[in-house]
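The values are calculated or read from the model by the stated rules, or taken from the named source; none is laboratory data. Quantities reported herein were computed from a predicted structural model and do not represent experimental measurements. Every residue, glycine among them, receives a Cβ derived from its backbone with ideal geometry; neighbour counts consider all protein chains shown. Each accessible area value is taken on the protein alone, full model and side chains, heavy atoms only, with ligands, DNA and RNA left out. Shrake-Rupley method; radii C 1.70, N 1.55, O 1.52, S 1.80 Å.
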Amino acid sequence: MNIKKLAAEKAVDWVEEGMMVGLGTGSTAAYAIEKIGERVKQGLHIRAVATSVQSENLAREWSIPIIPFAEVGEIDLTIDGADEVDPNLNLIKGGGGALLREKIVAARSRQVMIITGENKVVQKLGAFPLPVEVVTFAHEWTIEKLASFGCKPVLRQTKDGDVFKTDNGNYTVDCHFNVIEDAARLHHQLNNIPGVVDNGLFINMASAVVVAYESGVIEVLRAPVRRS
């Protein structure tokens with residue numbers, strides 16, 4: 001049973017006629033894009049923006065109308081995956097290399113629907129290495145500063161052994177924390193480092209998480225009420 005596909009197809013049920021939809025990046029999000037594409041071919045009318053070149057290309061293959069960002073007001077619904085989800089629906093994202101664009105699109109969205117398998121739901125974030133997008137200039141200094149927060153930072157490489165570059169031309173550093181005790185605090189600390197563009201902690205951004213289990217059961221977790 002493909003639980004990624006199961007979760008993705010369930011999330012696409014939230015896509016409605018006339019919506020502006022944000023398309024996530026990664027293997028799970030790809031299933032959602034394909035399902036949306038099937039519905040478009042059946043007559044669904046939506047407009048979309050993508051969080052990566054890869055997702056944009058896939059959307060075009062499925063004839064999903066991609067709109068320039070300058071023409072987008074507010075996004076009705078973004079569907080994306082996650083590398084980890086905690087009980088408050090805080091996330092680690094960026095395993096697919098698109099955390100910055102994913103965060104920009106999520107911040108512009110009325111609702112953010114996350115799709116994942118049961119293995120990604122954790123009590124505390126951090127077992128999955130936290131991706132941090134950094135500028136290439138003096139990246140060695142930025143990595144040195146990241147290490148001062150108690151992690152083991154590893155500059156991401158491609159399968160060919162080259163340094164991985166994001167669609168924005170930046171590097172990604174995967175920070176091995178094992179456990180992140182205070183995700184909100186760490187998010188702000190990392191983003192205050194000169195050279196850091198953004199990090200893969202998504203705090204209070206998910207509206208709901210669709211979790212698929214190996215048994216075939218689908219569970220929808222709702223975000224807790226946020227107190228101002």
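Quick notes on this one:
- Any hit, the stretch 2-10, residues being modelled with pLDDT of 95 or more and charged (D, E, K, R): no
- Applying the criterion of being among the aliphatic types (A, V, I, L, M) and open to solvent by 20 Å² or more (accessible area, probe 1.4 Å) to the residues of the stretch 12-43, the residue that is farthest from Ala106 (Cα to Cα) is Val40.
- Matching residues, the stretch 13-35, being out of contact with any strand residue (DSSP E or B) (no Cβ under 7 Å at 6 or more places or on another chain) and hydrophobic (A, V, I, L, M, F, W, C): Ala30
- Filter result for the condition that a residue is closer than 16 Å to Asp198 by Cα and among the small types (Gly, Ala, Ser), over Gly73, Gly150, Gly95, Gly37: Gly95
- Note on the stretch 121-138: residues that are assigned to a strand (DSSP E or B) and either open to solvent by 10 Å² or more (accessible area, probe 1.4 Å) or among the β-branched types (Val, Ile, Thr) (or both) amount to 3.
- Filter result for Ala7 (closer than 18 Å to Leu100 by Cβ and either open to solvent by 70 Å² or more (accessible area, probe 1.4 Å) or of a type in the set (A, V, I, L, M, F, W, C) (or both)): no
- Selection of the stretch 164-198 for residues being part of a strand (DSSP E or B) and either touching a residue at least 40 places away in the same chain (Cβ under 8 Å) or on the phi > 0 side of the Ramachandran plot (or both) yields Thr172, Val173, Asp174, Cys175, His176, Val196, Val197, Asp198.
- Within the stretch 77-94, at least one residue is over 30 Å from Val135 (Cβ atoms) and touching a residue at least 60 places away in the same chain (Cβ under 8 Å).
- Residues of the stretch 199-209 classified as over 24 Å from Asn170 (Cβ atoms) and part of a strand (DSSP E or B), total: 2
- Test result for Ile92, buried (at least 19 other Cβ atoms within 10 Å of the Cβ) and farther than 29 Å from Glu181 by Cβ: no
- Criterion violated by Pro153 - all others in (1) open to solvent by 40 Å² or more (accessible area, probe 1.4 Å); (2) without any contact (Cβ under 8 Å) to a residue 40 or more places away in the chain satisfied: (1)
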